[in-house]
Amino acid sequence: MRHLPIKSELFVENRAKLKQLLPENSLAILHSNDVLPTNADGTFKVVPNADLFYLTGIEQEESILLLFPDAYEEKNREILFLREPTELMQIWEGQKLTKEEATEVSGVSSIRWLSEFPAVLRDLMISAEQVFLNQNEHRRASNLVETRDDRFVKQCKEEFPLHTYRRLAPMLHALRAEKSELEVELIRHACGITKKGFERLLKFVKPGVTEFEVEAELAHEFIRNRGAFAYTPIIASGKNACGLHYIDNDQVCNDGDLLLLDVASNYANYNSDLTRTIPVNGKFTPRQRDVYNAVLRVMKQSIAGAVVGKSHRDWQYEAQEMINEELLGLGLLTKEEVAKHTRETPACKKYFMHGLGHSIGIDVHDVALPNVPFAPGWVLTVEPGIYLPDEGFAVRIENDIVVTENGPVDLMGDIPVEADEIEALMAEGK
Ligand SMILES: [Mn+2]
């Protein structure tokens with residue numbers, strides 16, 4: 001792994017939190033993600049299973065975590081099953097975790113090889129009352145492809161049809177939504193790498209560079225700092241920025257255009273999510289600056305408004321009302337249009353059509369509980385925007401924050417965002 005070791009306390013604590021939620025005599029089993037095929041004999045890079053990582057810090061494929069807090073024998077209360085490294089495996093695939101290393105990463109003392117799993121499972125299932133299994137229950141997940149967890153659910157139910165089966169996902173969503181201090185530190189670290197990338201590209205962007213050259217600058221800075229793109233970067237100049245999920249990044253950045261950058265790094269499987277909008281030639285036009293400052297005001301007020309107890313929905317509605325006012329000031333909405341505004345049919349929808357923000361953590365669009373108000377430890381993105389295809393540009397600005405008892409803390413407060421600041425830094429690159 002490229003990241004530095006994480007204190008295993010994080011994972012020990014996370015398992016302790018889950019064990020507290022499990023009813024008496026419960027068995028919980030989670031699997032890593034599959035190594036997914038591409039074409040021919042190719043595979044995608046392994047993406048660690050977020051829940052398994054949250055509970056163990058284990059990133060290796062084909063791993064299984066079994067929790068049985070009420071097991072009679074202590075060695076069966078938590079067990080991690082791993083691929084047994086063979087000489088052939090080491091030659092073709094490289095180093096795999098030893099039992100000692102797996103204990104060091106996860107804090108789990110009972111490490112066993114995968115070949116032992118069926119017998120151990122049978123033995124423990126017989127004394128368990130109910131079984132908690134995991135599935136991807138993200139609200140917007142497309143579960144088109146079966147996961148290892150999905151296959152195990154089927155297999156387990158076939159082999160042990162008379163057990164009571166229950167869902168792990170709601171518990172894990174609740175736990176993962178509230179980040180611990182150690183987790184916030186990891187996200188803060190990812191934000192720091194993102195900052196370096198953004199500052200690098202400020203000195204690089206000028207008329208004539210291509211969007212993919214900007215992407216290359218970011219890749220260089222992220223990777224040399226032990227990070228990687230947290231998601232496919234959006235590097236959209238001019239009107240490209242009005243396509244919300246533009247990821248081709250294949251156009252030339254032209255003089256006079258704005259460049260929208262939704263680009264961020266992850267670190268140790270924790271993500272950051274940043275958007276900045278900068279002038280390609282280093283200087284905003286008066287109109288671009290007006291729209292920019294309008295969006296910036298809404299971002300700042302929305303950050304301040306992310307307080308404990310507020311519902312996500314109300315937070316979104318408040319931002320829509322702020323955007324309405326800004327659009328009025330920019331001459332994009334009339335007073336009559338603003339007066340007709342309702343929550344169901346927002347006046348700003350034509351210019352601001354997406355959500356104000358989302359949870360972020362081990363997943364970029366992290367798991368969160370629906371209809372639960374903001375609580376301390378929630379990490380959120382705040383990303384208002386105004387999209388003006390008729391004028392050939394869009395502005396979105398996005399920071400990541402953590403909600404605390406003492407108010408929101410901006411994890412990206414040190415990343416340049418004021419129009420003057422951006423112009424000054426871009427001038428340094430000339
Ligand atoms: Mn975002």
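Those residues that are in a helix (DSSP H, G or I) and touching a Leu at 6+ places or on another chain (Cβ under 8 Å), I need them from the range 104-116; list them, please.
Within the range 104-116, 105, 106, 114 qualify.
Going by the structure shown, is residue 88 in contact with a strand residue (DSSP E or B) (Cβ under 8 Å, 6 or more places away or on another chain) and not assigned by TED's automatic domain parsing to the domain that holds residue 363?
no
Return the pair list, or none, for Cβ contacts closer than 9 Å from residues in the range 401-428 that are under 21 Å from residue 271 (Cβ atoms) to residues that are surrounded by 21 or more Cβ atoms within 10 Å (Cβ to Cβ) and basic (Lys, Arg), at least 6 apart or on different chains.
Note: pairs meeting the criteria are 402/179; 415/276; 416/276; 417/276.
Out of the residues in the range 319-334 that are without any contact (Cβ under 8 Å) to a residue 24 or more places away in the chain and touching a helix residue (DSSP H, G or I) at 6+ places or on another chain (Cβ under 7 Å), state the one that is surrounded by the most Cβ atoms within 10 Å (Cβ to Cβ).
The selected residue is 333.
Here is a list of conditions, (1) at pLDDT 95 or above; (2) closer than 25 Å to residue 362 by Cα, and residue 45 meets all of them except one; can you say which number that is?
Just one mismatch for residue 45, condition (1).
Out of 30, 22, 65, 10, report the one residue that is touching a residue at least 40 places away in the same chain (Cβ under 8 Å) and more than 26 Å from residue 156 (Cβ to Cβ).
On inspection, the qualifying residue turns out to be 10.
Here are the criteria: (1) surrounded by fewer than 20 Cβ atoms within 10 Å (Cβ to Cβ); (2) touching a residue at least 40 places away in the same chain (Cβ under 8 Å). Tell me which single one residue 118 does not satisfy.
Against the list (1) surrounded by fewer than 20 Cβ atoms within 10 Å (Cβ to Cβ); (2) touching a residue at least 40 places away in the same chain (Cβ under 8 Å), residue 118 comes up short only on (2).
Conditions tested, residue by residue: (1) small (Gly, Ala, Ser); (2) in a strand (DSSP E or B); (3) surrounded by fewer than 21 Cβ atoms within 10 Å (Cβ to Cβ); (4) touching an Asp or Glu at 6+ places or on another chain (Cβ under 6 Å).
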| residue | (1), (2), (3), (4) |
| --- | --- |
| 158 | no, no, yes, no |
| 187 | no, no, no, no |
| 198 | no, no, no, no |
| 219 | yes, no, yes, no |
| 232 | no, no, yes, no |
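If I filter the range 166-223 down to residues being of a type in the set (Phe, Trp, Tyr) and over 21 Å from the mean Cα position of the chain (by Cα), which single residue comes out as farthest from residue 2 (Cα to Cα)?
204
From the list 168, 88, 124, 144, pick out the single residue that is among the aliphatic types (A, V, I, L, M), modelled with pLDDT of 95 or more, out of contact with any His (no Cβ under 9 Å at 6 or more places or on another chain) and farther than 19 Å from residue 362 by Cβ.
124
Of all residues being of a type in the set (Val, Ile, Thr) and surrounded by fewer than 19 Cβ atoms within 10 Å (Cβ to Cβ) in the range 386-411, which is farthest from the ligand (Cβ to nearest atom)? Just the residue, please.
404
Output the residue which, of all residues in the range 374-385 that are farther than 17 Å from residue 170 by Cβ and surrounded by fewer than 23 Cβ atoms within 10 Å (Cβ to Cβ), is farthest from the ligand (Cβ to nearest atom).
Step by step, filter the range 374-385, then rank; the result is 376.
So which pairs qualify, if the first residue must be in the range 271-282 and within 13 Å of residue 401 (Cα to Cα), the second must be among the aromatic types (Phe, Trp, Tyr) and at pLDDT below 95, the Cβ gap must be under 8 Å, and the two must be at least 6 apart or on different chains?
If the second residue must be among the aromatic types (Phe, Trp, Tyr) and at pLDDT below 95, no pairs are left.
Could you name every one of the helices (runs of 4 or more DSSP H) located completely within the range 285-369 that has at least 1 residues being within 14 Å of residue 395 (Cβ to Cβ), touching a strand residue (DSSP E or B) at 6+ places or on another chain (Cβ under 7 Å) and within 16 Å of the ligand (Cβ to nearest atom)?
286-304
Quick check on the range 200-217: of everything there that is of a type in the set (A, V, I, L, M, F, W, C) and over 27 Å from residue 47 (Cβ atoms), which residue is surrounded by the fewest Cβ atoms within 10 Å (Cβ to Cβ)?
204
So which strands (runs of 3 or more DSSP E) are wholly in the range 235-280 and hold at least 3 residues that are within 16 Å of the ligand (Cβ to nearest atom)?
258-262, 275-279
The values are calculated or read from the model by the stated rules, or taken from the named source; none is laboratory data. No experiment lies behind these values; they were computed from the predicted model shown. Virtual Cβ from ideal backbone geometry, glycine too; neighbours counted across all protein chains shown.
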